[in-house]
Amino acid sequence: MNPIVKILLFMFSCVLTNNYIFSRFLGCCPFLGVSNKVETAFGMGLAVTFVMALASLFTYFVYYYVLIPLNLAYLNTIAFILVIASLVQVVEMFLKKSAPSLYSALGIYLPLITTNCAVLGVTILNISEGYNLLYSVLNGTFGALGFLVAIVLMAGVRERLESAKVTSPLKGFPISLVIAGLMSIAFLGFSNMFAGVM
Amino acid sequence: MAQYLPILYAVIALGGLGILFGLVLGVADKKFSVEVDERVSAVRAAVAGANCGACGYAGCDAYAEAVVRGDAKANACTPGGAKTVKAIAEIMGVNAEAQEPMVARVRCQGTCERVSLRYDYSGVHSCRAVSGISGGSSACEFGCVGFGECLSVCAFGAIQMIDGIAVIDDDVCTGCGMCVDVCPRNIIKMLPKDQTVVVMCRNEAIGRIAKNQCKTACIGCKRCEKACPTESIKVVKGVAIIDESTCTRCGACVPVCPMDCIVNFYERDPEAMAVATAQAELNNIDMP
C-alpha cells in the first residue's frame, strides 16, 4: 500500500477507532473533570496533545538510545514518568506565563496530566507495538487529538445539559457518566472501519 | 563486581536523565518566571495553613491571593485567630479587627449508656450512611450518631469520639466550621467562645417520647424559659434554644433543667466562672 495512504489511515485510526477515551478507556479522570466548559476542555485537550506528542518523541529516544543499550528496558515506566513529569512542568510554567486564565481554570487537573494514564499509555503502547519514530510521534499526536475530540464533544454535551431537565438522582455527575458510556458505544461504530485496509 | 554493574548503569542512567530534565526545567523556570506579588507569599505564610476553607476560599493560597487583590477581608482566617489578623493587617497596611473567637459545640450528650440502640448496624462506617437507614440506629434520631464523620474532617485534631459522641477540645478547636457542614444531624454549631451556657440537645420530639429516647433529652418543659432573667432562652419546636446575642451567660437556666441537658461550661473553667459571676453581680442576677 502507498505509505502516505497508510500514514493517513493510521492517523484516522488513532483519532476514531483507537480513541484513547472511548475504546481504550485511558485518561478518564480529566475527561470527566475538566469537561464542564468547552473552552477549558479545549485548553486541556491542547495541553494533553502537547505533552503526549513530545512525550512520544522523547520516550522514543530515551528507550532506544539509553535504556536498550544499557539493558535497562525494564525501567521504562520510571524513565517515562520522569519524561512526562518534566514535560508537564514545562507546560505548567508556560501556561502560567502566557495564559493565566486558562491556568487557573484548569487548576489541579493541569499538574495531574502527569498521572494521566493516557500519556503513559501512549508511550508504553509505542514500545509494545514496535512503532518507529514517525509512527510513535503520530500515535502520540493523533491519539491526543482523539482525546481532544472526545473531551470537547463531552464538554459540548455537558454545556447543553446545564439547561436540560434531569431527574434529581441523576443530576450532575451520574448523568455525565451515563453520557460518557453512550458516547463510547457510539464510537464503537468506528471499530471496524479500517480493519480491511490495515 | 561484575554482577553489580547493571545496578550501577541503572542508577547512572536514571540519575543522568533526572539531572538533564532538572536542568531543562531550571532554564524553563527562569524563562517563564512570573512576577508574583511578594505580599501573597507573606500573607500565605501568616495564615493558619490548614486549607480548611473557613474563609470561604478554595484554600490558603486562594485566600492569600484574594486578600492581596483586595477581595477578601484580613480577618477571615478564623483558625489563625487574632495573631494572623494582626500579621495580615500589617502586611496589607490596613486596620482589621479580629473576629470574635468561635468554637464548635456538639449539642448532644447522648452517650452509649444514655441512649439505647434500635438495631445493630454493620454497614459503611459513616454517620450519613447510618442516619439514612430509618433514622439511624440510636433511639434518638436527633442526636450524635457516633461514627465520627466530624472527626475525619477536622484538620486540627480537635475532635475525639468518647463513649459514642463527639467531644470537641475547646483549646484545640480553631473555629473553622468544617465539622458543622459534615454532620448529618446538624448538632454541631459554631458558637462564640465565651457562650459557655449551651443547651446540649436537639431533640424535637415531645417530652414523653424524648424522655424514652435519651436520659438527657430536652423535653420542652420551659422551666429554663421562666428562669432566664433576660428572656434569651426559648423553647422552639420542643427544644430550648439560647439567643447568644442577649444571653448574659449567667447560667440561671442550668440548675432548673430537670433533664440536665443545659450545660454550663464555666464549671470546667474557673477563670471564666469568675468573669461570669462578676457579670451576674453587675446585672443583679443570683448565681446558682
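Brief remarks follow.
- Condition met for B:G110 (touching a Gly at 6+ places or on another chain (Cβ under 6 Å) and crowded, with 19+ Cβ neighbours inside 10 Å): yes
- Residues of the stretch B:28-50 classified as part of a helix (DSSP H, G or I), of a type outside the set (G, A, S) and surrounded by 11 or more Cβ atoms within 10 Å (Cβ to Cβ), total: 6
- Residue that is in contact (Cβ under 8 Å) with a residue 60 or more places away in the chain, open to solvent by 30 Å² or more (accessible area, probe 1.4 Å), of a type in the set (V, I, T) and more than 10 Å from chain B (Cβ to nearest Cβ), where the choices are A:V48, A:V38, A:V34: A:V38
- Complete set of residues in the stretch B:74-108 that are modelled with pLDDT under 85, assigned to a loop (DSSP other than H, G, I, E, B) and not hydrophobic (A, V, I, L, M, F, W, C): B:N75, B:T78, B:P79, B:G80, B:G93, B:N95, B:E97, B:Q99, B:E100, B:P101
- Among the residues of the stretch A:76-127, those that are at the interface with chain B (Cβ under 10 Å from one of its Cβ atoms), open to solvent by 40 Å² or more (accessible area, probe 1.4 Å) and either of a type outside the set (A, V, I, L, M) or touching a His at 6+ places or on another chain (Cβ under 9 Å) (or both) comprise A:Q89, A:F94, A:K96, A:K97, A:S98, A:P100, A:Y103, A:S104.
- Hey, A:F190 in contact (Cβ under 8 Å) with a residue 12 or more places away in the chain and over 30 Å from B:A66 (Cβ atoms) or not: yes
- Which numbered condition B:K222 fails, given (1) open to solvent by 60 Å² or more (accessible area, probe 1.4 Å); (2) within 19 Å of B:V106 (Cα to Cα); (3) of a type outside the set (V, I, T); (4) modelled with pLDDT of 85 or more: (2)
- Residues of the stretch A:53-72 that turn out to be in contact (Cβ under 8 Å) with a residue 24 or more places away in the chain and either closer than 18 Å to A:E129 by Cβ or open to solvent by less than 30 Å² (accessible area, probe 1.4 Å) (or both), as a count: 8
The values are calculated or read from the model by the stated rules, or taken from the named source; none is laboratory data. Note that the structure is predicted; figures quoted are calculated from it, not measured. When we count neighbours, we look across all protein chains shown, and the Cβ atoms used for this are built from the backbone with ideal geometry, even at glycine. Keep in mind that these areas ignore ligands, DNA and RNA; they rest on the heavy atoms of the full protein, side chains included. Shrake-Rupley method; radii C 1.70, N 1.55, O 1.52, S 1.80 Å.
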